[in-house]
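Enquirer: Take a look at the following structure, please.
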């Protein structure tokens, strides 16, 4: 069966009780977990996934935008689609689409990735490992996750310490953990966003103390995370 909108891979999921807020809605960080899972499955199936570790290469998520039009709830069946959306410079783009059990679109996301040599910390051209048929090096999507620049007054600050459960296979903070931190920060103010943009700027490791700053206003705030004064991530949430 052909996939919608020229997507290249799909996987089905059921929303579990451990993935939802107290109101029963799927959390943004749990949705990002599902995107991460299907991205790995697709990459592994086409030879540019975990096998790259043998060459000391890894994919690093640079930017991510998630837009939810209708939150899935506990017990809902989902079909998630993903596919390459071209390249631009050092970035490779991957899009996601989420269907509910009635084939209605409930969420979309776009991500940009960098190919990095683990030991040398050097950024490589993504076309060196990506098949052109899936990630056209001569094409880039109209929707590209934006570079964020926080504007407005400081609203609130807090400090958290990176826990073992925040870490990924590379002993860096998993990109979905940052989204969880953001959701927790705004939930403390009674806010539950249906969209998020994140710029991942520097690595964050176990036991780091992260200073989280809420900037702007409650209608569309920015959240910055710093370690010893260095900006490691920046996010913006919306409540449309």
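Enquirer: Only one of 3, 31 is buried (at least 18 other Cβ atoms within 10 Å of the Cβ) and modelled with pLDDT of 95 or more. Can you tell me which?
Expert: 31
Enquirer: Which of the residues spanning segment 48-66 are within 30 Å of residue 236 (Cα to Cα) and either assigned to a helix (DSSP H, G or I) or over 11 Å from the mean Cα position of the chain (by Cα) (or both)?
Expert: Passing the criteria: 49, 57, 58, 59.
Enquirer: Pick from segment 1-18 the residues that are assigned to a helix (DSSP H, G or I) and in contact (Cβ under 8 Å) with a residue 40 or more places away in the chain: which of them is farthest from residue 60 (Cα to Cα)?
Expert: Filtering first and then ranking leaves 17.
Enquirer: Which one of these does residue 170 not meet: (1) at pLDDT below 95; (2) over 30 Å from residue 55 (Cα atoms)?
Expert: (2)
Enquirer: Checking the conditions here, which among 48, 71 is in contact with a strand residue (DSSP E or B) (Cβ under 6 Å, 6 or more places away or on another chain) and over 15 Å from residue 110 (Cα atoms)? First the steps, then the outcome.
Expert: Numbers: 48 fails: in contact with a strand residue (DSSP E or B) (Cβ under 6 Å, 6 or more places away or on another chain).
Criteria check complete, one pass: 71.
Enquirer: Continuing with the same structure: Identify, please: which residue in segment 173-191 is modelled with pLDDT of 95 or more and not in a helix (DSSP H, G or I) and is, among those, nearest to residue 27 (Cα to Cα)?
Expert: 174
Enquirer: Just a yes or no: is a residue in segment 133-150 crowded, with 19+ Cβ neighbours inside 10 Å, in contact (Cβ under 8 Å) with a residue 40 or more places away in the chain, at negative phi and touching a helix residue (DSSP H, G or I) at 6+ places or on another chain (Cβ under 6 Å)?
Expert: No: zero hits.
Enquirer: Which strands (runs of 3 or more DSSP E) does segment 83-171 wholly contain that include 2 or more residues that are under 17 Å from the mean Cα position of the chain (by Cα) and farther than 18 Å from residue 62 by Cβ?
Expert: 91-99, 105-117
Enquirer: For the structure I just gave you, tell me whether residue 43 is farther than 20 Å from residue 105 by Cβ, at pLDDT 95 or above, outside the structural domain of residue 231 (by TED's automatic domain parsing) and assigned to a helix (DSSP H, G or I).
Expert: When the stated conditions are applied, residue 43 passes them.
The values are calculated or read from the model by the stated rules, or taken from the named source; none is laboratory data. The shown structure was predicted, so the numbers you read here are calculated from the model rather than taken from an experiment. Here Cβ is always computed from backbone atoms with ideal geometry, including for glycine, and neighbour counts include all displayed protein chains.
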